[in-house]
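Read through the structure below, which is laid out as structure tokens, and then see the notes.
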Amino acid sequence: MNDSQPSATQLAAAITLASRAPSVHNTQPWRWRVTSRSLELYADPTRRLEAADKDTRLLMLSCGATLHHLAVAVGAEGWRAEAHRFPDPAEPTRLASIEFAPQTPTKAIRELARAIADRRSDRRPMSSWPVPVEHRQQLVSVAAEHGAIGRALDASELSVWNALAVRAARRRALPSYRAEMYEWTHRQESRRDGIPSVNRVPIDESETTRVNRFAPGDLPLVGHGADDSLPFALLIATSSDDPLARLRAGEAMSAVLLEATRLGLATAIDSQVLEMNSTRSVIEDKLLKGSLTPQVLLTVGWPSTADPLPATPRRPLGDIVSTTTQDPAFG
């Protein structure tokens, strides 16, 4: 890189931090290419989940999340990332070419960079303490700032979601889906991807937790009244459903997750209902009135325990970065 760009050491540190982004089953389906003038983000189709992600929606959300994480990471180092998304239609796996310009890091961007290291996908039961309305409004605003729509779900809408979750869960009986899930959620501790046993929540416990979290008889309307005491359910949606919209939804998801973490909140990601055309279309029709495409549901609430979750493993830089300069900073 030249003097007007981050150094190789800065870029290596930023990519390492960006790799902390959430991805479905911790597949980390991205690659980076460092050139003398820019940084390029590529999708890695070999890491797509063939059974769960036939249309690459989850892959694109994951890559959008790492793109936003990268912008936060370099921002804290004094650089603004200017992403040109899908710069070459003939090269669909090249998701963004990123150029840099100097900027003065703000307190907010430094706090978000620290939140990257603290964030976990926490599927444990959350506290019944209310999430303040101003926090909820802030998370909706953050989604909008990054090209998506944050739609808070009320009690009746969550009832619809839960019913569809039961239907979607039946897909686990399919041999191809079961084999794929087992492969990625029963990783050996020595692996640098997937979900090792120390991070795994048992499937049955996970389902029970999620359904009980949103029990229709117990949940007041989200965003209304003083009794908003259960976790906040925020549906990230977009006005279209092309690859660009999915990538931007992933960026918005990342922004919401990091802002929630900065506020001290716990977060969880739920995409299973939206992985199937049949259940996703019900969400589109009944909850979004056909005007938006749902991309992912985020659950946000106060953690019920101070016990931290262990960090899931990440692939080394040498596996995800190629460079025209062969700098040793990239492994």
- Read through the list (1) surrounded by fewer than 22 Cβ atoms within 10 Å (Cβ to Cβ); (2) of a type outside the set (D, E, K, R); (3) within 30 Å of Gly301 (Cα to Cα), then give the number of the only condition that Ala71 fails. (1)
- Item | Qualifying position, being surrounded by fewer than 23 Cβ atoms within 10 Å (Cβ to Cβ), under 27 Å from Arg110 (Cα atoms), in contact with a strand residue (DSSP E or B) (Cβ under 7 Å, 6 or more places away or on another chain) and aliphatic (A, V, I, L, M), among Ile269, Ile236 | Ile269
- Query: What are the residues in the stretch 281-320 that are open to solvent by less than 20 Å² (accessible area, probe 1.4 Å) and not polar (S, T, N, Q), if any?
  - Reply: Ile283, Leu287, Leu288, Pro294, Val296, Leu297, Leu298, Val300, Gly301, Ile320
- Residue count, the stretch 151-178, condition within 25 Å of Thr27 (Cβ to Cβ) and either open to solvent by less than 20 Å² (accessible area, probe 1.4 Å) or without any contact (Cβ under 8 Å) to a residue 24 or more places away in the chain (or both), comes to 9
- Message: What's the total number of residues in the stretch 35-52 that are under 19 Å from the mean Cα position of the chain (by Cα) and of a type in the set (Gly, Ala, Ser)?
- Response: 2
- Item | Subset of the stretch 23-45 (residues that are at pLDDT 95 or above and either open to solvent by 10 Å² or more (accessible area, probe 1.4 Å) or of a type in the set (Lys, Arg) (or both)) | Ser23, Arg31, Arg33, Glu40, Tyr42, Asp44, Pro45
- Task: Could you tell me whether the stretch 308-319 includes any residue that is at pLDDT 95 or above and touching a strand residue (DSSP E or B) at 6+ places or on another chain (Cβ under 8 Å)?
- Result: no
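The values are calculated or read from the model by the stated rules, or taken from the named source; none is laboratory data. Keep in mind it's a predicted model, so treat the numbers as computed, not measured. Every residue, glycine among them, receives a Cβ derived from its backbone with ideal geometry; neighbour counts consider all protein chains shown. Quick note on the areas: whole protein, heavy atoms, side chains included, nothing else; ligands and nucleic acids left out. Shrake-Rupley method; radii C 1.70, N 1.55, O 1.52, S 1.80 Å.
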